[in-house]
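Here's the structure we're looking at; comments come further down.
The values are calculated or read from the model by the stated rules, or taken from the named source; none is laboratory data. Note that the coordinates shown come from a computational prediction; the quantities given were computed from them, not determined experimentally. So basically every Cβ, Gly included, is an ideal-geometry build from the backbone, and we count neighbours across all protein chains shown.
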Amino acid sequence: MEKLRSQPGAEIHFILSRSGERTAFLELGKSAADFRALADCTYSPEDISCRLASGSFVCSGMAIAPCSIHTMSAISSGISSNLMVRAADVTLKERRRLILMVRESPLHLGHLRSMAALAEMGAILAPPVPAFYHHPKTVAELVDHSVDRVMDLLGFPAEDAVRWDGPPKVKAE
């Protein structure tokens with residue numbers, strides 16, 4: 001969200017699930033308030049009557065990061081039991097970009113079938129798989145690369161993103 005926040009024209013609407021709140025605290029030491037401070041608008045996961053639940057709310061897309069297998073499976077099945085899943089469902093039905101950063105591993109056949117169904121519906125599955133062509137030196141650089149790819153997919157390319165430019169050129173002697 002920090003990189004998206006710095007993009008001109010980006011308006012961030014934020015939903016944090018209870019599980020996401022717990023995970024953010026355990027893994028990052030960050031509170032829900034830390035994330036909400038970066039958003040223009042925040043919503044409770046139970047608020048399925050808010051504007052994000054309607055196709056008439058125009059947006060460029062939605063990213064769920066990280067996306068649990070539970071949330072991914074609910075979206076693929078069309079089970080709109082909370083605002084995050086309902087907003088994702090609306091994003092798909094309106095043919096907008098839905099980006100899911102599914103990070104669980106390993107995957108069984110049911111997970112793969114859900115992923116295939118989502119891809120057929122138009123979702124973009126973008127697991128945070130580390131790339132090494134840019135020779136990252138820190139975990140933060142690995143994370144930034146995945147974030148930059150999602151920024152690209154949302155239509156907000158980061159100016160400082162590391163891009164593949166082919167293998168190093170060999171100087172002729």
Counting only residues in segment 45-63 that are closer than 19 Å to Ser19 by Cβ and surrounded by 13 or more Cβ atoms within 10 Å (Cβ to Cβ), the one nearest to the chain's Cα centre (by Cα) is identified as Ala63
Being in contact with a helix residue (DSSP H, G or I) (Cβ under 6 Å, 6 or more places away or on another chain) and at pLDDT 90 or above narrows Pro127, Pro136 down to just Pro136
Condition set hydrophobic (A, V, I, L, M, F, W, C) and surrounded by 15 or more Cβ atoms within 10 Å (Cβ to Cβ), scope segment 132-152, selection farthest from Asp89 (Cα to Cα): answer is Leu142
